[in-house]
1. Give me the residue from the stretch 5-27 that is in contact (Cβ under 8 Å) with a residue 40 or more places away in the chain and part of a strand (DSSP E or B) and, out of that set, farthest from Thr100 (Cα to Cα).
2. State whether one or more residues within the stretch 43-66 are over 12 Å from Phe3 (Cα atoms), part of a loop (DSSP other than H, G, I, E, B) and modelled with pLDDT of 95 or more.
3. Which residue pairs have Cβ atoms closer than 8 Å, lie 6 or more positions apart in sequence or on different chains, and pair a first residue in the stretch 75-95 that is in contact (Cβ under 8 Å) with a residue 60 or more places away in the chain and under 30 Å from Gly9 (Cα atoms) with a second residue that is of a type in the set (Val, Ile, Thr) and in a strand (DSSP E or B)?
4. I'm trying to understand the selection: among the residues of the stretch 67-94, which are modelled with pLDDT of 95 or more and of a type in the set (A, V, I, L, M)?
Amino acid sequence: MMFAVLKTGGKQYRVKPGDVLRVEKLPAEAGQTVRFDEVLMLGGAAPVVGAPRVDGAAVEAEVLEQVKGDKVISFVKRRRKHGSQRTRGHRQQLTVVRITGITTPTE
């Protein structure tokens, strides 16, 4: 089974065609096709490891939607004399993509 390890948004993902991923927000609308050129490894019958990237390899994906991640609450409390506390929330903006294909360097 062909798979690839790609890097986007500072994170690495192991993907194969048909996978649905939530990645850092990409500048694309729902229905558009995006291409990830930063492929670190191709796996399958004949694995190829890049140094640091596999030249000529790419991963194609279709954008399904733009969403917000779950809320993360950051609570800061200073002990002893200060007596202050602060609560902050954050929701990361994400893009949901479906992997449609993997392009190898020989294709």
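1. In the first step, residues of the stretch 5-27 are kept if they are in contact (Cβ under 8 Å) with a residue 40 or more places away in the chain; the result is 6, 15-26.
From the residues that got through so far, the ones that are part of a strand (DSSP E or B) too are 6, 15, 20-24.
Values: Leu6: 14, Val15: 10, Val20: 10, Leu21: 12, Arg22: 15, Val23: 15, Glu24: 18 Å.
Only one residue tops the list, namely Glu24.
2. No, that holds for no residue.
3. If the second residue must be of a type in the set (Val, Ile, Thr) and in a strand (DSSP E or B), the pairs left are Gln92/Val72; Gln93/Val67; Leu94/Val23; Leu94/Val67; Thr95/Val23; Thr95/Val63; Thr95/Val67.
4. Selection gives Val67, Val72, Ile73, Leu94.
The values are calculated or read from the model by the stated rules, or taken from the named source; none is laboratory data. Bear in mind that the values here come from a model prediction, so they are computed numbers and not experimental data. No Cβ is skipped: glycine too gets one built from the backbone with ideal geometry, and neighbour counts run over all protein chains shown.
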